[in-house]
Amino acid sequence: MHAYAWRRRAILAAWLIGAVAVIARAGQIQIVQASTWEDIAVRQQEGAATLPAPRGTVLVGNGVPLSVTRERVRVSIAPREVRDPVAVKQRLTDVLGISSSRVERLVSGESVWNQVGLYSMAVRDSLMGLSGVHVQSLYQRYYPYGEIARGVTGVVIDGEGRGGVEQQFNEHLSGTTGSQIFARDAHGNPLPGQRVTVEEPRAGGEVLLTLDMELQEIAQSALLEAIDEHQAFGGDILITNPHTGEIKALFSIRDKNIAALSAINAPFEPGSTLKVFTVAALLENGLADLNDSIDIGNGRWTINGRTLSDVHVESDQVTLREAFYESSNVGIAKAALVLPKGLHYQSLRDFGFGTRTGIKLPGEVEGVLRSPDRWSRQSPQSLAIGYEMSATPLQMAMAYGAIANGGILMRPRLVREIRDANGRTLERLEAQEIRRVVSPQTATQVGSAMVDVVETGTGGAARIGSHQVAGKSGTARFATGGVYQSGDYSSSFIGYFPADNPQLVIFVKLDRPEGGVYYGGAVAAPVTRSVMEAALAANILDIETLAETAREPPEVVSPELYVELLREPYVPIPLSPELPESEGGVDAVAIPDVSGLPVRFAVRELHKHGLRVTEMGTGDVVRTYPTAGSVVTRGEVVRLRSGGQDDE
């Protein structure tokens, strides 16, 4: 009995101890740890999600979207949740326009989850409430202009801007995310319709650019055509307003990569296009005159162990003006002998070389401009003709803009305004003068010499019939490992027009053109002309100013009528080819066939060929006098006969 009683008491004690432990633990859980376990329970039944903010819009011109966020819906099917397969199949076919066979696979398949695709927001309301059909809203970056200006805009990857404006203004464009709570089922999956928004997301702000999309399209198309024609490795094109520094078009391509921004991050040795600034320094400091005579001998000159040679010059005695428009290396280098090193360096520095321009894009580099204490004995002559330094295409365009702007260097202006999500202006970026580089008189003299380059020198392929163009061509070898490579060239042309009242500066460069033609005047200058002609035809310039600066005298076609003609839409026809000198000389041109064209279009085509027009009439052109195909001299008057004129 004693042993049995002891065992009973031991069991009872164990039960009592266990009971006390359970009660103590229950008290700990329900009283001491109550809030902790409540949080765990809530987390098991609820989930939290971040709500993405709509990314802000990148705009151009008068508020046209260049990069915009669209709200889209992702439609998915959970076949096991579908209660009325017939109704769901019919609705999917009607609303989404997908085939009945695909609908069958989506709804009746064995998969737990099937994604249908992304659709516009218009389908959301029609699909909401259908059992087994899940509609999720999301944001997608959309570029209305496609690949146009993609290097400038950049892209968005995983919500972050990569390259271009998207990267530069990522924080402003991103906005602020919101938060949401949703209910879970026993398996931890979100329950459809059981969501509560705690904090609404705030949309990102807007950025308004200075780009002109018509000019951007014109420039991009012209450069791509030239690259294809000359089988070039890549190239750059920029169009700026010289008076405000506004970037109107910017496009770079490298090895078929159209998102390259080599216009700001890939400096090059500019070659002869830098001669503009050598001449400007000489004139500004009273060290030379455009009529000074220079002895270039046989076009070869050896100095400090380096031999310079000329390609285009045939005379042994030239003026500084002639040396410039014929792009004489010997002539310009000899003229620069009187230019002190410090003054030479400071002049180039004043034009913006060797320092970043401050454009609001990521990745800009400053190029190379060494101080005189690091020059070799050959450096002064090398710099005079565009070697032993490097500049970005943007630096070159802005420096030429200073000449076009009467000697004042402007800061490049790509961004016009920064706005909030509601379009209210937060910051307006005004045109900004950096410094006066040369006097207006020097700028005018250099500009006149640049006109000679186009009218009679190496830039003749940039000449247009209606307005004078000022410009300079350049051809420079690429160096690899400090060694210049034979047959490896950059071919460039930089110009502005109209020469006497500039509206646009145009920079064009092609890298490593093939096919035997590589001079800037032959490869890049025609691109400049193509852009100028297209810009004139597109009516995107100051028409009144164009009328005032046109070559045609008012007594033949009045400025008022010329202005009226420019306002009309225009589809250009191909230019007739330039005639060789044996068929009339460099000023000879064949009258194009404009019969059947409306008079206003015919007038433009004849103007483009450097011809003048009288007796225009109305309606479509019947014939011209002289007749189409006749060889005449530029500036000749062509009489039009139109369907709206009485028979003679």
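The values are calculated or read from the model by the stated rules, or taken from the named source; none is laboratory data. Everything numeric in this text was worked out from a predicted model, so none of it was measured. Note that we place each Cβ from the backbone using ideal geometry, even for glycine, and neighbour counts take in every protein chain shown.
Observations on the structure shown:
- Filter result for the condition that a residue is without any contact (Cβ under 8 Å) to a residue 24 or more places away in the chain and in contact with a Lys or Arg (Cβ under 8 Å, 6 or more places away or on another chain), over V155, V103, V86, V73: V103
- Members of region 282-308 that are touching a strand residue (DSSP E or B) at 6+ places or on another chain (Cβ under 7 Å), within 25 Å of L348 (Cβ to Cβ) and either not aromatic (F, W, Y) or not assigned by TED's automatic domain parsing to the domain that holds A335 (or both): L290, N291, D292, I294, I296, T307, L308
- Subset tally (residues that are in a helix (DSSP H, G or I) and either hydrophobic (A, V, I, L, M, F, W, C) or in contact (Cβ under 8 Å) with a residue 40 or more places away in the chain (or both)) for region 106-121: 3
- Scanning region 163-205 for residues that are modelled with pLDDT of 85 or more, touching a helix residue (DSSP H, G or I) at 6+ places or on another chain (Cβ under 9 Å) and among the charged types (D, E, K, R) gives a single hit, E166.
- Just one of the listed residues (G342, G297, G305, G363) is farther than 17 Å from S272 by Cα, at pLDDT 95 or above and of a type outside the set (V, I, T), namely G342.
- Residue satisfying all of: in region 300-314; surrounded by 19 or more Cβ atoms within 10 Å (Cβ to Cβ) and either small (G, A, S) or in a strand (DSSP E or B) (or both); nearest to the chain's Cα centre (by Cα) among these: L308
- Residue check, R124 assigned by TED's automatic domain parsing to the domain that holds S137, in contact (Cβ under 8 Å) with a residue 24 or more places away in the chain, of a type outside the set (D, E) and over 24 Å from L138 (Cα atoms): no
- Matching residues, region 430-445, being in a helix (DSSP H, G or I) and touching a Gly at 6+ places or on another chain (Cβ under 9 Å): P440, Q441, T442, A443, T444
- Hits in region 614-648 (condition: surrounded by 15 or more Cβ atoms within 10 Å (Cβ to Cβ), outside any loop (DSSP other than H, G, I, E, B) and either modelled with pLDDT under 65 or not hydrophobic (A, V, I, L, M, F, W, C) (or both)): D620, T624, R641, S642
- Taken over region 509-528, the criterion of being under 23 Å from the mean Cα position of the chain (by Cα) and not polar (S, T, N, Q) is satisfied by K509, L510, D511, R512, P513, G520, V523, A524, A525, P526, V527.
Here's the yes/no breakdown for (1) assigned to a helix (DSSP H, G or I); (2) at pLDDT below 80:
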| position | (1), (2) |
| --- | --- |
| W6 | yes, yes |
| I17 | yes, yes |
| A26 | yes, yes |
| T36 | yes, yes |
| A48 | no, yes |
| V68 | no, no |
| E104 | yes, no |
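- Check on V365, β-branched (V, I, T) and over 34 Å from the mean Cα position of the chain (by Cα): no
- Of the residues examined, S272 is one that is closer than 23 Å to A499 by Cα, hydroxyl-bearing (S, T, Y) and buried (at least 24 other Cβ atoms within 10 Å of the Cβ).
- Failed condition for E147, given (1) over 30 Å from F251 (Cα atoms); (2) touching a residue at least 12 places away in the same chain (Cβ under 8 Å): (1)
- On the stretch given as region 385-399, residues that are touching a strand residue (DSSP E or B) at 6+ places or on another chain (Cβ under 8 Å) and not in a loop (DSSP other than H, G, I, E, B) total 8.
- Within region 415-429, the residues that satisfy the criterion of being in contact with a Lys or Arg (Cβ under 8 Å, 6 or more places away or on another chain) and either over 21 Å from T69 (Cβ atoms) or among the acidic types (D, E) (or both) are E417, R428, L429.
- Which listed residue, of G363, G299, is closer than 30 Å to R162 by Cα and in contact with a helix residue (DSSP H, G or I) (Cβ under 9 Å, 6 or more places away or on another chain): G363
- Check on V508, closer than 17 Å to M396 by Cα, in contact (Cβ under 8 Å) with a residue 40 or more places away in the chain and not charged (D, E, K, R): yes
- Flag if S530 is within 18 Å of E455 (Cβ to Cβ), in contact (Cβ under 8 Å) with a residue 60 or more places away in the chain and not in a loop (DSSP other than H, G, I, E, B): no
- For region 400-453, filtering for residues that are surrounded by fewer than 20 Cβ atoms within 10 Å (Cβ to Cβ), of a type in the set (A, V, I, L, M, F, W, C) and farther than 24 Å from T57 by Cα leaves 1.
- Set A499, A535, A522: member being in a loop (DSSP other than H, G, I, E, B) and at pLDDT 80 or above: A499
- Long-range neighbours under 9 Å by Cβ, at least six apart or interchain, first residue free of Cβ contacts under 8 Å to residues at least 24 places away in the same chain within region 353-372, second hydrophobic (A, V, I, L, M, F, W, C) and not in a loop (DSSP other than H, G, I, E, B): R356/I264
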